[in-house]
């Protein structure tokens, strides 16, 4: 069964594609179809933006659609300076991956070299008139002022994300470490949510 992921970020697709394929779900994007969709992401949180994406793409294609968004919260920053839903858009400008790394490393440097960060994720699935939603978070990691050499296109902040327990960059974790973190970051639960939502 084909399911549309309302994103052009291949890193998001890659995170779930193989696991869903094992469950009989083929994850596709708008790039695989002859469609152009513009989305006005004006939601106040991750769930609202995820719904806007999913609904817009579903209305255009009539294919069951997954919308996903994430918000970033930083413990050291006051509420009015939180990135929230505007992780990539700073002062009205959409940052490239490298510009994001530069911006957040400079921000970390202002606060002593590291920031205590938390991601809050929202996912919504639109299928005909139904809407199903799921939210989760990933906390207990640092954004630091020295990026590693590796890059994860679409997820630039992985290059400055450090796991406190081992003081390792996220991108330098071994496959075994990643499997352990896969459990921690709810990947298996997200896949189960998608499968159950599509099948029911």
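Please treat every number below as a calculation from the coordinates, not as lab data. What you see is a predicted model, and the numbers here were worked out from it, not measured in a lab. As a convention, Cβ positions derive from the backbone with ideal geometry for all residues, glycine included, and neighbour counts pool all protein chains shown.
With the simple spin-label model, which puts each label point 7 Å out from Cα in the Cβ direction, the residue 90 to residue 109 separation comes to 1.1 nm. Helix 97-110 and the long axis of the chain differ in direction by around 40°, with both axes built from C-alpha atoms.
Residues considered: 12, 53, 81. Largest GNM mean-square fluctuation over the chain, using C-alpha springs under 10 Å, is found at 81. Report, in degrees rounded to the nearest 10, the 0 to 90 angle that the Cα long axis of helix 187-199 makes with the longest principal axis of the chain. In the chain, helix 187-199 runs at an angle near 20 degrees to the longest axis. Helix content alone sets the calculated 222 nm mean residue ellipticity of the chain: runs of n ≥ 4 DSSP H residues at -39500 (n - 2.57) each, divided across all residues, give -10500 deg cm²/dmol.
Modelled label positions at residue 146 and residue 77, each set 7 Å beyond Cα in the direction of Cβ, lie 2.3 nm from each other.
Relative contact order of the stretch 2-199, taken over Cα pairs closer than 8 Å and 6 or more residues apart, is 19 percent. Highest mean packing comes first when the peptides 186-193, 17-24 are listed by Cβ atoms within 10 Å, giving 186-193, 17-24. Taking the Cα atoms only, what angle lies between the long axis of helix 175-184 and the longest principal axis of the chain, rounded to 10 degrees? That works out to roughly 70 degrees.
Out of every Cα-Cα pair that the stretch 39-109 contains, those further apart than 18 angstrom amount to 47 percent. Extension gain, residue 167-residue 35: 0.36 nm per intervening residue step, less the Cα-Cα distance, totals 43.2 nm.
Its Cα gyration tensor gives the chain an equivalent ellipsoid; the semi-axes, largest first and in whole Å, are 29, 20, 15.
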